[in-house]
1. State which residue pairs qualify: first residue within 17 Å of Gln189 (Cβ to Cβ) and inside region 210-238, second residue open to solvent by 20 Å² or more (accessible area, probe 1.4 Å) and charged (D, E, K, R) in any location, beta carbons under 6 Å apart, and separation of 6 or more residues or different chains.
2. So, of the residues in region 35-50 that are open to solvent by 20 Å² or more (accessible area, probe 1.4 Å) and closer than 23 Å to His260 by Cα, which turns out to be farthest from the chain's Cα centre (by Cα)?
3. Which members of region 162-176 meet the condition of being open to solvent by 30 Å² or more (accessible area, probe 1.4 Å) and under 14 Å from Tyr139 (Cβ atoms)?
4. Please go through region 81-101 and give me each residue that is surrounded by 18 or more Cβ atoms within 10 Å (Cβ to Cβ) and either in a loop (DSSP other than H, G, I, E, B) or aliphatic (A, V, I, L, M) (or both), ordered by number.
5. Test each condition in (1) open to solvent by less than 40 Å² (accessible area, probe 1.4 Å); (2) modelled with pLDDT of 95 or more for Glu58 and report the one that comes out false.
6. Can you say whether Ala107 is out of contact with any helix residue (DSSP H, G or I) (no Cβ under 6 Å at 6 or more places or on another chain), part of a loop (DSSP other than H, G, I, E, B), open to solvent by 40 Å² or more (accessible area, probe 1.4 Å) and of a type in the set (A, V, I, L, M), as far as the supplied structure shows?
7. Based on what the data block shows, is Val121 closer than 25 Å to Leu256 by Cβ, part of a helix (DSSP H, G or I), open to solvent by less than 40 Å² (accessible area, probe 1.4 Å) and touching a residue at least 12 places away in the same chain (Cβ under 8 Å)?
8. Ile226: of a type in the set (A, V, I, L, M, F, W, C), at pLDDT 95 or above and part of a helix (DSSP H, G or I), yes or no?
Amino acid sequence: MEKGKAPRDLRRLLRVPAGKRIDLSTYGTRATPAGPKNKQAGRAATARMGKRLADLQERLWAAATTGDRRRLLLVLQGMDTSGKGGTVKHVVGLFNPAGCRVMGFKAPTPEEREHHFLWRVEKELPRPGEIGAFDRSHYEDVLVARVRALAPPDEIERRYEEINRFEQFLADDRVTVIKCFLHISYEEQRHRLLRRLDRPDKRWKFSPGDIDDRALWPAYQEAYEIALHRCTAPHAPWYVIPADRKWYRDWAVARLLLEHLQALDPQYPEPDYDVAESRERLLGE
């Protein structure tokens, strides 16, 4: 974003168009739409957003103490190494952790498999006044399940509509849902996996299965295209975040959070006591 120019609305710029099937190969993974001019400027801009994000979070939390049910849920999806954990660390980390609820969804446990696929997700939703973040989410059940044939095709088809109904329920219950697909390239993923192998402090993140999954790259891209097409709506839009440049990824997600919180415009509640009287009593002690 150039100095002196008003910031463009990323909610419009990065949003997946509703009703239109998308081709992810036409989305640049190294693009920086409306972003700062370089890495240094991007990191600085993200840091500057921290105070405004924290202030809005406090107002949201304060409003909840008097019955305001609004809260925000950030859904992060993307291929391995796309930066879901990094986004939680560098962006969600700008908030007060006391008002955040962060959950990472891995392969379902035996207990979770005995329930409906949304059961484990519903338990982790943010409460009124909270900021929630999902590192992977209910979309795993139409992404991994589709690519690896973990469920019958007709069941996966039903899940898209179940997800849509679920997200409509969230919107009706005053949850602002922000779904971000962190879009990286095949080449960038190789670079990041090699970096994990080359650094002893990163090897714990690597699994040989990550290499096997790369053979399924086209199938995963298709699965994402279907999910982004079938499950985007005005109340729960998808945003495609170019994620090859980590600094831009962080800036873009932080900016989206800021725009949504500013639109909510939570306010501190009015006190239910006499401020002047309370002040007099304290001064008279």
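The values are calculated or read from the model by the stated rules, or taken from the named source; none is laboratory data. Since the structure is predicted, the reported quantities are computational estimates derived from the model, not experimental observations. Cβ placement follows ideal geometry from the backbone for every residue including glycine, while neighbour counts extend to all protein chains displayed. Protein only, heavy atoms only, side chains kept; ligands, DNA and RNA dropped before computing areas. Shrake-Rupley method; radii C 1.70, N 1.55, O 1.52, S 1.80 Å.
1. Cβ pairs passing all conditions: Asp210/Asp80; Ala223/Arg146.
2. Ala41
3. Glu162, Asn164
4. Those that are surrounded by 18 or more Cβ atoms within 10 Å (Cβ to Cβ) and either in a loop (DSSP other than H, G, I, E, B) or aliphatic (A, V, I, L, M) (or both): Thr81, Ser82, Gly83, Val88, Val91, Val92, Leu94, Phe95.
5. Only one criterion is unmet by Glu58, namely (1).
6. yes
7. yes
8. Yes; evaluated as a whole, the condition is true for this residue.
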